[in-house]
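Here's the structure we're looking at; comments come further down.
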Amino acid sequence: MNHSEKRKWLINYLLEENSHLSKIVDASSDDPKEQNDLLRCLLNIREARPIHKDFIDIQNQFLLEERAENQIFSLNDAQQYTKNLYLWQGDITRLEVDAIVNAANAQLLGCFVPLHRCIDNAIHSAAGIQLRLACKEIMDAQGHLEETGYAKITDGYNLSAKKVIHTVGPIIKDTVTKEHVSLLADCYRRVLLLCEEYQLKSVAFCCISTGEFRFPNELAAEIAIKTTQEYVTRVHSPIKIIFNVFKDIDKELYHEKLQQLSGSLSKDN
């Protein structure tokens, strides 16, 4: 099968699997973007349940071909500010690092909203159906929702990153409290502890809890930088930490604060 045929095969499999959807979804378009969007929608809404090995094999081939069509970025493409801290703006699913961090919800199963613009949806869509299945296995064994400030690790599957670390940040409903600040810092610390446990040499953090979870961007950046810098200093960790941003406002905030930190460390030395 060529790339287009694989995509159609995957779409038809998912539609045949769900007889209700097969009656209401029009899969006749030959437009590649429309087909890609439809496939992603079907993967987004699929419950975490077993699937035939043939689907996994063809999906993996398809996603790896999709990945090969895109430029992949590494630590060398990021701007370095200190021995450990870097900044890079772009799609986190295109970073070739040991681990990327996913801002997950308490279910830890990914985003079920078709084509949602959150990072959870983007990561699961690029990784493939195995990521949701792996998260389901973790959650079944745990027996309860993931607590805020905690983190779990899975393979990266079809991502450029070897691992995905899923962490649940605090949700802001009104004003930010000391507990919110503490819980967000816990996310960064627990991710780094997992990196240490699995001997990972590089990790890319997204802007945890901003966006859908409504944590103020500037305060979130301050917590991220302060917590990670304190960690690597305390344990003398060699890990390379990339702050991955998508929005220009976050790039400006992180750049300013990382420059301040770099200047402060230079004076101390």
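Whenever a residue of region 50-62 is farther than 10 Å from I129 by Cα, its partners that are at pLDDT 95 or above, lying with C-beta atoms within less than 7 angstrom and at least six residues away or across chains, give the pairs I58/K6; I58/W9; I58/L10; Q61/K6; F62/H3; F62/K6; F62/R7; F62/L10. You will find that of R67, R117, the residue that is within 24 Å of K8 (Cβ to Cβ) and not β-branched (V, I, T) is R67 and no other.
Applying the selection to region 186-205, what residues are assigned to a loop (DSSP other than H, G, I, E, B) and polar (S, T, N, Q)?
From region 186-205, those assigned to a loop (DSSP other than H, G, I, E, B) are 198-201; that's our starting set.
Result: Q199, single match.
Taking the listed residues Q199, Q229, the one that is crowded, with 16+ Cβ neighbours inside 10 Å and over 21 Å from D120 (Cβ atoms) is Q229, with no other qualifying.
Of all the listed residues (K173, K178, K152, K136), the sole one being assigned by TED's automatic domain parsing to the domain that holds P216, touching a strand residue (DSSP E or B) at 6+ places or on another chain (Cβ under 7 Å) and not small (G, A, S) is K152. Screening D155 against (1) buried (at least 16 other Cβ atoms within 10 Å of the Cβ); (2) closer than 22 Å to K201 by Cβ leaves a single unmet condition, (1). The set of residues in region 20-71 being within 22 Å of R94 (Cβ to Cβ) and outside any helix (DSSP H, G or I) consists of N70, Q71.
For the condition of a type in the set (A, V, I, L, M) and within 24 Å of E147 (Cβ to Cβ), what is the one hit in L194, L258? If you could, list the steps in order and put the result at the bottom.
Values: L258 fails: within 24 Å of E147 (Cβ to Cβ).
Every option except L194 fails the conditions.
Across region 19-75, the number of residues qualifying as hydroxyl-bearing (S, T, Y) and surrounded by 10 or more Cβ atoms within 10 Å (Cβ to Cβ) comes to 3.
As a summary of the residue check, E16 satisfies the conditions (1) in contact with a Ser or Thr (Cβ under 7 Å, 6 or more places away or on another chain); (2) charged (D, E, K, R); (3) exposed (fewer than 12 other Cβ atoms within 10 Å of the Cβ); (4) modelled with pLDDT of 95 or more except for the one numbered (4). Filtering L159, L131, L145, L183 for residues that are outside any strand (DSSP E or B), at pLDDT 95 or above, touching a His at 6+ places or on another chain (Cβ under 8 Å) and among the aliphatic types (A, V, I, L, M) leaves a single hit, L131. Could you tell me whether T227 is of a type in the set (S, T, Y) and out of contact with any helix residue (DSSP H, G or I) (no Cβ under 6 Å at 6 or more places or on another chain)? Judged against the criteria, T227 is not a match. Within region 233-250, the residues that satisfy the criterion of being buried (at least 19 other Cβ atoms within 10 Å of the Cβ) and either farther than 16 Å from C206 by Cβ or of a type outside the set (A, V, I, L, M) (or both) are I239, K240, F243, N244, D250.
Only one residue in V113, V97 is buried (at least 20 other Cβ atoms within 10 Å of the Cβ), in a loop (DSSP other than H, G, I, E, B) and at negative phi, so which one is that? Before you say what the answer is, go through the steps one by one.
On the way: V113 fails: buried (at least 20 other Cβ atoms within 10 Å of the Cβ).
Within the list V113, V97, the selection yields V97.
The values are calculated or read from the model by the stated rules, or taken from the named source; none is laboratory data. Just so it is clear, the structure is predicted and the values come from calculations on it, not from any experiment. Please note: Cβ atoms are built from the backbone with ideal geometry, for glycine as well, and neighbour counts cover all protein chains shown.
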